[in-house]
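Heads up, the thing below is written out as structure tokens.
What follows is calculated from the coordinates using simple rules that are stated; it is not laboratory data. Bear in mind the structure is a predicted one, so any value in this text is a computation, not a measurement. Note: ideal-geometry Cβ built from the backbone for every residue, glycine included; neighbour counts use all protein chains shown.
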Amino acid sequence: FPYTTLFRSSYNVNEPVNLASTSSFSTKLGLDGVAKNYTIVTALGAPNSVTAADLQGMNGNLALNYVLGADIDAATTLAGTGFTPIGTAATPFSGTFDGLGHEINNLIINRPLLHDVGLFGVAGSASVIRNVTMSNISVSGGNGVNGSNATTYSDGGDGSDGGNVGGLAGSNFGTINNSHVSGVLLGGKGGDGGNGGEGHYEYKNGNGGDGGNGGNVGGLVGLNNGNINNSTSLSVTIVGGDGGAGGDSGN
């Protein structure tokens with residue numbers, strides 16, 4: 001009697017899988033699948049780390065596959081600016097990040113001038129993020145740049161649009177599965193328009209520039225152009241996403 005066996009291409013981890021950083025971890029889909037090896041992360045890492053061996057150091061190799069081997073308390077992130085988001089629009093994260101049911105606590109990010117802000121700044125189209133929980137986080141960023149003020153009888157510059165701010169990812173183009181966020185998110189304000197220049201002799205007064213649009217701010221992700229499954233943001237207070245004020249006309 002012929003039969004077909006179907007193997008699941010994804011999985012959810014309900015209980016944390018604890019691993020030492022010196023251990024090894026790999027997955028394989030079916031008996032004939034190719035083994036997928038992971039780097040085990042058990043520590044936050046130093047500010048601006050690029051070791052590819054800790055959470056902050058994942059910026060050192062954005063194409064690797066990573067798993068959390070333990071819960072991570074991120075309360076010691078750099079004062080002032082905090083954690084550096086993983087991946088940017090120019091160089092997005094393109095690997096796999098599997099939390100294995102672990103939790104990242106007390107993450108602080110304060111990057112008001114960055115456009116994509118979250119644990120992952122930009123998760124690229126090939127990326128997979130799954131099985132991770134983030135709690136008690138504070139993430140701020142994504143403010144637009146104010147328009148320039150005019151000098152004489154010319155118009156003020158327009159403010160730029162706010163950016164993308166999310167707890168797990170500022171911008172997601174990949175796949176997020178079985179992940180959850182709780183905390184506070186701030187940011188995404190559009191830049192204010194510049195003031196118009198004052199009229200000079202026969203010339204008219206300049207107009208104030210337009211304020212930028214507010215950014216995308218969300219508990220889980222700011223901007224989503226990917227796939228999100230079985231993932232939630234709970235008890236999240238969002239402050240931001242406002243447009244910038246227009247500039248004043250010249251006097």
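Assorted remarks:
- Classification of segment 82-151 by its C-alpha gyration tensor yields an oblate form. The axis ratio a/c (a ≥ b ≥ c) is 1.5 or more, and b/c is at least a/b.
- Rounded to the nearest 5, the antiparallel percentage of DSSP beta bridges internal to segment 28-162 is 5%.
- Taking amide H positions as modeled 1.01 Å from N, with prolines and chain starts lacking one, the residues under 5 Å from Leu29 and 5 or more places away or on another chain are Val34.
- For the pair Glu15 and Ala75, the difference between a 0.36 nm per residue extended length and the Cα-Cα distance amounts to 19.3 nm.
- Peptides ranked, highest mean first, by Cβ atoms within 10 Å: ranges 210-221, 44-55, 155-166, 15-26: 155-166, 210-221, 44-55, 15-26
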